[in-house]
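Below is one structure; the comments refer to it alone.
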Amino acid sequence: MEYFSKVKKIAYEGPKSKNLFAYKYYNPEEIVLGKKMKEHLPFAVAYWHTMVQEGGDPFGPGTFQRNWFGKTPMDTAKNRVDAIFEFLTKLDVEYFCFHDADIAPQGGNLKETNKNIDEIVSLIEKRMKETGKRLLWNTANMFSDPRFVHGAASSNNADVFAHSAAQVKKGLEVGKRLGGKNYVFWGGREGYESLLNTDMKLETDNIARFMKMAVDYAKEIKFDAQFLIEPKPKEPTTHQYDFDAATTIAFLATHGLQKDFKLNIEANHATLAGHTFDHDLCVARINGMLGSIDANQGHVLLGWDTDEFPTDLYSTTLGVYQIIENGGLHKGGINFDAKMRRGSFEQDDLFLGHIAGIDTYARALKAVEKLKKDKFFEDIIDKRYASYKTGIGAKIVAGQTDFKQLEEYALNNKNLKNESDRLETLKAKLNDYLY
Ligand code: XUL
Ligand code: CO
């Protein structure tokens, strides 16, 4: 069956097009900064938001009209496979991402669940071969089922740790079978509510033990995906262990895991942590840890993870600048971890949400191209840090001086002078590149 029968393949029609179901800025074959747009921006569709979300909120049930519900949960799961591959093909997006629980319903026990997963994975594998679509990453949902009430690898209950290990083991096998490029850990319930009853040291050590076992198992089965951790500061628990990029890098370094992992930076998670999107991307990048991106945005007035499609050109441009500075995302991609608003309930609206996000990233890339051609940021940085190019500054950077020499320099220096930043002018100039 055709699930989106009214929609044809979304094509690039240029900024003047009035067709809602067309790209105005994303022109996949266009060369920008030496590469095709589609190579700079390897987009992915998130199974959970696009295929599974029903649009409920704490005040009322779902509103989303979807035509893939079948008689049984397994029928629905099978229909969803056909629907997502039709969606990816019509949207002209190469990648998708999923949690185990998104693709197949839980059975009465782990064995039955794995059987359901195997059956659906066979269908996915077949559709991947037919369409050429690829798996950017998969992950395990270790937060929805009530068994994860106290966490997964950080649970106080060793039986839950073991169950989680079995789930990730299966996830790694599925990732290998589908040729997944990455495998993601998002903390989910790996955090705590109160120190009154929490052994933080045991919980964080256990998470590290869990990660090591995952890396070892991937090696054993020759699954060469890049492991990723996706930081998030709060939600669902008050304190999430993977708070932000810096905290997560420190955790990995402390436990000797930094070579085996990179980070999947999500825009809305960065802003929940009190950072900008580009801040967390930059922290990951300068530490050699930028792996992939969950593209979305929060709402400036709300303090939770609203997972909106990214339409804010300002933050997206600064984000794409970090991707370019990183030399691209390598094995990673740009996954739309974004959901339609409850009021955008028609099934075909799913295209419009993705088109909005994809066009925003394309515009951002074009803005970055202009910024790079003009050496906009390079010139600012060169000038601002010029004192480290010559004289005492050059010696500091080269490690050729010490406190005694610096004291002598400072004592003799009659001319300590700072320069104004004029950040207001820079911000105003940046607008010329965006709008
Ligand atoms: C939750 C979130 C997840 C991860 C995958 O905030 O971002 O959907 O991306 O588990
Ligand atoms: Co995410």
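The values are calculated or read from the model by the stated rules, or taken from the named source; none is laboratory data. Since the structure is predicted, the reported quantities are computational estimates derived from the model, not experimental observations. In this analysis, Cβ positions are derived from the backbone assuming ideal geometry, glycine residues included, and neighbour counts consider all displayed protein chains. Note: accessible area is taken over every heavy atom of the protein model, side chains too, but ligands, DNA and RNA are not part of it. Shrake-Rupley method; radii C 1.70, N 1.55, O 1.52, S 1.80 Å.
Scanning segment 147-176 for residues that are in a helix (DSSP H, G or I), touching a residue at least 12 places away in the same chain (Cβ under 8 Å) and hydrophobic (A, V, I, L, M, F, W, C) gives 148, 160, 161, 165, 166, 168, 172, 174. For segment 252-289, filtered to residues that are open to solvent by less than 10 Å² (accessible area, probe 1.4 Å), in contact with a Leu (Cβ under 6 Å, 6 or more places away or on another chain) and in a strand (DSSP E or B), the residue that is farthest from ligand 1 (Cβ to nearest atom) is 261. Among the conditions (1) of a type in the set (D, E, K, R); (2) within 29 Å of residue 170 (Cβ to Cβ); (3) open to solvent by less than 40 Å² (accessible area, probe 1.4 Å); (4) touching a residue at least 40 places away in the same chain (Cβ under 8 Å), residue 82 misses just one, which is (3).
For segment 177-196, the set of residues classified as open to solvent by 30 Å² or more (accessible area, probe 1.4 Å), touching a residue at least 40 places away in the same chain (Cβ under 8 Å) and out of contact with any strand residue (DSSP E or B) (no Cβ under 8 Å at 6 or more places or on another chain) consists of 177, 189, 194, listed by residue number.
In the set (1) closer than 20 Å to residue 192 by Cβ; (2) free of Cβ contacts under 8 Å to residues at least 40 places away in the same chain; (3) within 13 Å of ligand 2 (Cβ to nearest atom), residue 265 fails one condition alone, (1). Hey, can you tell me all the residues within segment 341-374 that are in contact (Cβ under 8 Å) with a residue 60 or more places away in the chain, open to solvent by 20 Å² or more (accessible area, probe 1.4 Å) and of a type in the set (A, V, I, L, M, F, W, C)? Answer for segment 341-374, where residues must be in contact (Cβ under 8 Å) with a residue 60 or more places away in the chain, open to solvent by 20 Å² or more (accessible area, probe 1.4 Å) and of a type in the set (A, V, I, L, M, F, W, C): 345, 352. Against the list (1) loosely packed, with under 14 Cβ neighbours inside 10 Å; (2) within 16 Å of ligand 2 (Cβ to nearest atom), the condition residue 238 fails is (2).
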